[in-house]
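The structure appears right after this line, and notes come after that.
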Amino acid sequence: MITRRRFLQGLGAFAGGSALLGGYAFGVEPAWRLVVTTYRVRPAGWPPALKLRIAVITDVHAGEPYMSAERIAGIAARTNALAPDLTVLLGDFSAGHRWITRHVPAEAWAEALATLRAPLGVHTVLGNHDWWDDFEAQRTRKGPVFGRRVLERRGMPVYENDAVRLMHKGQPFWLAGLADQLALRIPRRLDIVDPVVVAGAGTRRRPQFIGVDDLPGTLAKVTDDAPVILLAHEPDIFPAVPGRVALTLSGHTHGGQVRLLGYSPIVPSRYRNRYAYGHIVEGGRHLIVSGGLGCSFLPVRLGCPPEIVLVEVG
């Protein structure tokens with residue numbers, strides 16, 4: 001029989017543990033932790049002589065106290081120390097939540113990222129927040145958004161439905177960048193009711209967006225048989241990616257920000273945990289989804305610390 005004293009002791013222990021866990025999730029993991037996650041991938045048909053080290057940075061969401069310009073510069077320095085052959089940035093550079101103590105101007109986070117160094121360069125795509133935070137782009141329904149202009153002024157090319165052919169030790173490959181799939185918000189007066197089934201919750205309304213992505217048009221710019229690496233901020237494009245693409249790199253999900261025992265309760269993807277995080281192989285096609293660096297909507301991370309991803313291909 002549980003006595004009143006033991007019940008109160010247990011309740012106190014539970015409350016104390018919850019407070020500690022909450023403090024860690026809000027104050028420690030998102031603000032102080034940084035890990036390097038390495039994946040080794042050998043896609044079918046990949047040339048044996050072509051070996052690449054790709055550093056992936058995504059979802060910076062610059063804003064103090066979690067992602068100051070100084071911290072971003074430190075992340076860039078740690079990325080350089082990995083000696084990648086090329087570095088890719090997968091979008092969402094601005095803060096995606098209101099829980100910031102100080103705004104970090106685009107010029108400041110772009111200057112910090114401009115310290116990235118790699119022999120084959122630093123290559124970039126944009127994310128949904130880069131579009132959503134540009135009110136003029138939302139009004140006119142077109143880019144280039146401010147974030148793109150800032151990045152390109154600092155020598156970091158931004159690919160929106162474009163591709164570039166690169167050479168590494170005499171071996172060619174293509175780097176293709178997809179424009180964002182959630183770029184334009186549909187005005188509230190035009191909202192579409194989209195019933196989405198959520199486990200145990202019936203249906204709910206989901207905000208609607210218009211993408212500016214063009215996967216067929218992007219891949220049409222690949223003009224030979226060299227292997228293709230696709231950069232796409234959101235992983236939801238992956239079912240449509242043809243086998244011609246050796247590897248797709250994505251961010252956006254943040255690994256759900258709370259990830260326990262390989263499961264994320266909330267994932268900003270129509271596929272939920274299918275593309276929440278990590279290395280996914282479907283039909284011989286490879287997708288790597290980074291948990292990213294910053295936070296979106298709520299400044300919390302638990303079981304999914306900020307990460308730099310290093311992909312060794314070949």
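The values are calculated or read from the model by the stated rules, or taken from the named source; none is laboratory data. Small disclaimer: the values here were computed from a predicted structure and weren't measured. Using ideal geometry, Cβ is built from the backbone for each residue, glycine included, and neighbour counts are taken over all protein chains shown.
Would it be correct to say that residue 40 is within 25 Å of residue 26 (Cβ to Cβ), in the same structural domain as residue 278 (by TED's automatic domain parsing) and among the basic types (Lys, Arg)? Please lay out each step first, then the result.
On the way: within 25 Å of residue 26 (Cβ to Cβ): no; in the same structural domain as residue 278 (by TED's automatic domain parsing): yes; among the basic types (Lys, Arg): yes.
For residue 40, the condition - within 25 Å of residue 26 (Cβ to Cβ), in the same structural domain as residue 278 (by TED's automatic domain parsing) and among the basic types (Lys, Arg) - is not met.
With the condition kept exactly as written, say whether any residue in the stretch 151-164 is touching a residue at least 60 places away in the same chain (Cβ under 8 Å) and of a type in the set (Val, Ile, Thr). Within the stretch 151-164, not a single residue is touching a residue at least 60 places away in the same chain (Cβ under 8 Å) and of a type in the set (Val, Ile, Thr).
Checking each residue in the stretch 279-296 for being out of contact with any Pro (no Cβ under 9 Å at 6 or more places or on another chain) and not in a strand (DSSP E or B) picks out 283, 290. Going through the stretch 265-314 one residue at a time, which ones are among the hydroxyl-bearing types (Ser, Thr, Tyr) and buried (at least 22 other Cβ atoms within 10 Å of the Cβ)? Within the stretch 265-314, 275, 277, 290 meet the criteria.
May I ask you to list the residues in the stretch 222-259 that are in a loop (DSSP other than H, G, I, E, B) and on the phi > 0 side of the Ramachandran plot? If you could, list the steps in order and put the result at the bottom.
To start, the set of residues in the stretch 222-259 that are in a loop (DSSP other than H, G, I, E, B) comprises 222-227, 232-234, 241-244, 251-253, 257, 259.
Of everything in the stretch 222-259, those that are in a loop (DSSP other than H, G, I, E, B) and on the phi > 0 side of the Ramachandran plot turn out to be 252, 257.
For the stretch 79-96, the condition of being modelled with pLDDT under 80, in the same structural domain as residue 172 (by TED's automatic domain parsing) and in contact with a strand residue (DSSP E or B) (Cβ under 8 Å, 6 or more places away or on another chain) holds for at least one residue.
The set of residues in the stretch 210-239 being closer than 17 Å to residue 288 by Cβ and of a type in the set (A, V, I, L, M) consists of 228, 229, 230, 231, 232, 237.
For the stretch 289-303, which positions are in contact with a helix residue (DSSP H, G or I) (Cβ under 7 Å, 6 or more places away or on another chain) and either touching a residue at least 60 places away in the same chain (Cβ under 8 Å) or under 18 Å from residue 118 (Cβ atoms) (or both)? Full working, then the answer.
Initially, the stretch 289-303 is screened for residues in contact with a helix residue (DSSP H, G or I) (Cβ under 7 Å, 6 or more places away or on another chain), giving 289, 291-293, 295-296, 299-302.
Matches in the stretch 289-303: 291, 292, 293, 295, 296, 299, 300, 301, 302.
So, in the stretch 264-282, exactly how many residues are under 29 Å from residue 51 (Cβ atoms) and either touching a Gly at 6+ places or on another chain (Cβ under 7 Å) or not assigned by TED's automatic domain parsing to the domain that holds residue 82 (or both)? Summing the residues that are under 29 Å from residue 51 (Cβ atoms) and either touching a Gly at 6+ places or on another chain (Cβ under 7 Å) or not assigned by TED's automatic domain parsing to the domain that holds residue 82 (or both) in the stretch 264-282 gives 2.
What are the residues in the stretch 245-264 that are among the small types (Gly, Ala, Ser) and surrounded by 14 or more Cβ atoms within 10 Å (Cβ to Cβ), if any? Spell out how you get there, then give the answer.
The first filter runs over the stretch 245-264 and keeps only residues among the small types (Gly, Ala, Ser), leaving 246, 250-251, 255-256, 262, 264.
246, 250, 251, 255, 256, 264, listed by residue number.
Of 121, 16, 74, 127, which residue is modelled with pLDDT of 95 or more and either buried (at least 22 other Cβ atoms within 10 Å of the Cβ) or not assigned by TED's automatic domain parsing to the domain that holds residue 165 (or both)?
Working: 121 fails: either buried (at least 22 other Cβ atoms within 10 Å of the Cβ) or not assigned by TED's automatic domain parsing to the domain that holds residue 165 (or both); 16 fails: modelled with pLDDT of 95 or more; 74 fails: either buried (at least 22 other Cβ atoms within 10 Å of the Cβ) or not assigned by TED's automatic domain parsing to the domain that holds residue 165 (or both).
Just a single option satisfies the conditions, and that option is 127.
In the stretch 234-244 there is at least one residue matching the filter, namely being buried (at least 24 other Cβ atoms within 10 Å of the Cβ) and within 22 Å of residue 60 (Cα to Cα).
The residue that is surrounded by the most Cβ atoms within 10 Å (Cβ to Cβ), counting only those in the stretch 178-221 that are polar (S, T, N, Q) and at pLDDT 55 or above, is 218. Among the residues of the stretch 77-99, those identified as under 25 Å from residue 173 (Cβ atoms) and either surrounded by 24 or more Cβ atoms within 10 Å (Cβ to Cβ) or of a type outside the set (S, T, N, Q) (or both) are 79, 81, 82, 83, 84, 85, 86, 87, 88, 89, 90, 91.
Considering the stretch 104-155, the qualifying helices (runs of 4 or more DSSP H), each wholly inside and each with 3 or more residues that are in contact with a His (Cβ under 9 Å, 6 or more places away or on another chain), run over 128-132.
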